[in-house]
Each structure stands twice: as C-alpha cells, then as structure tokens.
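I'd like to ask you about the structure that follows.
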Amino acid sequence: MIDDQLATGTSPIHGLDARCRLAACLLLSVVAALAQNQQTALVILAAGLLLTALSGASFGAVLRRAAAINVFILFLWLFVPLSTPGVPLWQGFGLTISRQGVSLAWLVTLKANAVFFCVLSLLATIPAPALGRAMTALGVPAKFSFLFVFTYRYLHVIAEEYDRLVTAARLRGFVPATDGRTYRTYAALVAMVLVRSYDRSQRVYQAMLLRGFTGLFPCLNRFRAGRRDMLFLLAAGAVAGLAAFLEVRARSGNV
C-alpha cells in the first residue's frame, strides 16, 4: 500500500493552495537539479529543511524516507571518488581518491537531498486527487493528470489483488524456494495480476461511461489562492532567485 500519511495535517504547509505548493516545488527543484555549485544546493537544502519542519512531518517518517534516498547516494560515494580523475587525496592498494571526485559526490548528495526535502514538504503533503487537479490547473495535459490519479488509485487495488493470490497459493501449500517451480508460480501470479487488472480496467471504464464521464472530473472543492499563498509563492521564488544568482556568480567566477 502507498504510504500517504503526510497528505493530511493541519500544519501551515497543509493550509497552502496546492497550485502554489506545486509551483514552488518546481521552482526550487529545478534550480537544485541544475546547480553545479555547492552554495546553490545548500540554499535549496536549507529551504527544504525549513519547509519540512513547517509541514509537521514526524521525525521517524522523514528519517525513513531520507534513508531510502541516501542508500543510493552511498553507492556514489563508493565509486565516484575513485573513478573521477583529479588531484589525489589518498592513494593506496592501487586506488586513488581524488579531490574532484569527493567534491562531485558531495554536490550530488546536496542536490539529491535538497530536491527530496522540497518534494517531501510540498508535494507529499498534497492528496493525490488534489495534486492531479493542481497539475491540470498549471497547464499539465488533462490526460497526464488522469493517468497520474488512476495510477495512484489502482496501485492499491493491484497490490490487494496480488496479496490475495499469494495468500491463495500459500493456503494450497506453496513454499517459496530457489527452484523452477517457484519461478513458474511467481510468473503465473504476475500474469494473473495483469489479466485481472486489465479486466478491472474495462469494467471501470464502462462504469464511468454509464455515469456520463466526458473526460472531466466534476469537483466541488475549488482552489482559492489568498494573500498568504501568494506571499509563500513569492518567498519561494525569491529563494530560487537567490540560489540562481549564486550559481551564476560562481560560474562567472570560474570562467
């Protein structure tokens, strides 16, 4: 099941307009992703940490998600310093750790965590249906928004279907092992999940047509951006602008 416990709350971040949060997240994340200077990434990371604190997310939930991201970053630290040419910091056992490699790994770590905390605080706090409507309101094609919302909804259904099939197999004495029978059983389980998912999608589509679906989801909850939302968006734009200024200055200084 998808863990969406951060989508509900009464924090200052939860009270902001979903469109403003999405736009702010895009601004900050794009600047962080394009950064080639550590100061730029640090500015966005500091903003992401502040927003995460304001979102009221529990320390345990943030730590679990941050650990999942940084496990992949750890592999970069194992290989990038050794494979990047440059000024040696350490040599031994036929290996060389370069200053440029360490700097590059540190920059990637800052950028990844900066984007992570911005997404965690600004997007994970938006329920999936509201996020789909916010994307449409900001100009994302409606079909893409529908695909996002339906994917989110039916991932739960597919997971439940898979759990039922696995339970049925275990009740019939199936015990996983590293043999051909186990591989064939899991292949059959995946095939049955796909077949049943396709059948369910046809039934859902027919039910939507019978209810008069014309390509738009009617919604009673309208977005209303107030002064606080505009101030937040301006503040996010100012932070992104400051980070971009630091990036441009650093690049011009290196020319």
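Only residues that are closer than 13 Å to THR109 by Cα and over 20 Å from the mean Cα position of the chain (by Cα): list them for the stretch 66-80, please.
Selection gives TRP77, LEU78, VAL80.
Output the qualifying pairs, or none if there are none: Cβ atoms under 8 angstrom, residues six or more apart or on different chains, first residue in the stretch 16-28 and touching a residue at least 12 places away in the same chain (Cβ under 8 Å), second residue basic (Lys, Arg) and outside any loop (DSSP other than H, G, I, E, B).
Within 8 Å, the pairs are LEU16/ARG228; ALA18/ARG133.
Hey, does the stretch 174-185 have a residue that's assigned to a loop (DSSP other than H, G, I, E, B), closer than 26 Å to SER121 by Cβ and outside the structural domain of SER121 (by TED's automatic domain parsing)?
For the stretch 174-185, residues assigned to a loop (DSSP other than H, G, I, E, B), closer than 26 Å to SER121 by Cβ and outside the structural domain of SER121 (by TED's automatic domain parsing): absent.
When the residues of the stretch 39-72 are filtered to those that are without any contact (Cβ under 8 Å) to a residue 40 or more places away in the chain and aliphatic (A, V, I, L, M), which remaining residue is nearest to PHE232 (Cα to Cα)?
LEU50
Does SER58 satisfy the criteria of being more than 25 Å from MET135 (Cβ to Cβ), at pLDDT below 90, among the hydroxyl-bearing types (Ser, Thr, Tyr) and surrounded by fewer than 12 Cβ atoms within 10 Å (Cβ to Cβ)?
Spelling it out, SER58 is indeed more than 25 Å from MET135 (Cβ to Cβ), at pLDDT below 90, among the hydroxyl-bearing types (Ser, Thr, Tyr) and surrounded by fewer than 12 Cβ atoms within 10 Å (Cβ to Cβ).
Something else about it: For the stretch 146-204, which positions are surrounded by 13 or more Cβ atoms within 10 Å (Cβ to Cβ) and of a type in the set (Val, Ile, Thr)?
VAL149, VAL157, ILE158, VAL166, THR182, THR185, VAL193, VAL204
Shifting gears a bit: Of all helices (runs of 4 or more DSSP H) completely enclosed by the stretch 22-133, which ones contain at least 3 residues that are assigned by TED's automatic domain parsing to the domain that holds SER145?
No helices (runs of 4 or more DSSP H) qualify here.
Kindly evaluate ALA23 against the criterion of being surrounded by 15 or more Cβ atoms within 10 Å (Cβ to Cβ) and either charged (D, E, K, R) or at pLDDT below 90 (or both).
Against the criterion (surrounded by 15 or more Cβ atoms within 10 Å (Cβ to Cβ) and either charged (D, E, K, R) or at pLDDT below 90 (or both)), ALA23 does not qualify.
Residue check, ALA114 against (1) exposed (fewer than 15 other Cβ atoms within 10 Å of the Cβ); (2) more than 27 Å from LEU147 (Cβ to Cβ), all met but one. Which one?
Only one criterion is unmet by ALA114, namely (1).
Here's a check for you: in the stretch 140-163, which residue that is in contact (Cβ under 8 Å) with a residue 12 or more places away in the chain and either outside any helix (DSSP H, G or I) or under 16 Å from LEU22 (Cβ atoms) (or both) is farthest from the chain's Cα centre (by Cα)?
Step by step, filter the stretch 140-163, then rank; the result is ALA142.
Still on this structure: Determine the pairs where a residue that is modelled with pLDDT of 80 or more, located within the stretch 83-96, has a partner that is in a strand (DSSP E or B) and acidic (Asp, Glu) with Cβ atoms under 6 Å apart, the partner being 6 or more residues away or on another chain.
Qualifying pairs under 6 Å: none.
The values are calculated or read from the model by the stated rules, or taken from the named source; none is laboratory data. Keep in mind the model is a prediction, meaning the values are calculated, not measured. FYI the Cβ positions are ideal-geometry reconstructions off the backbone, even for glycines, and counts take in every protein chain you see.
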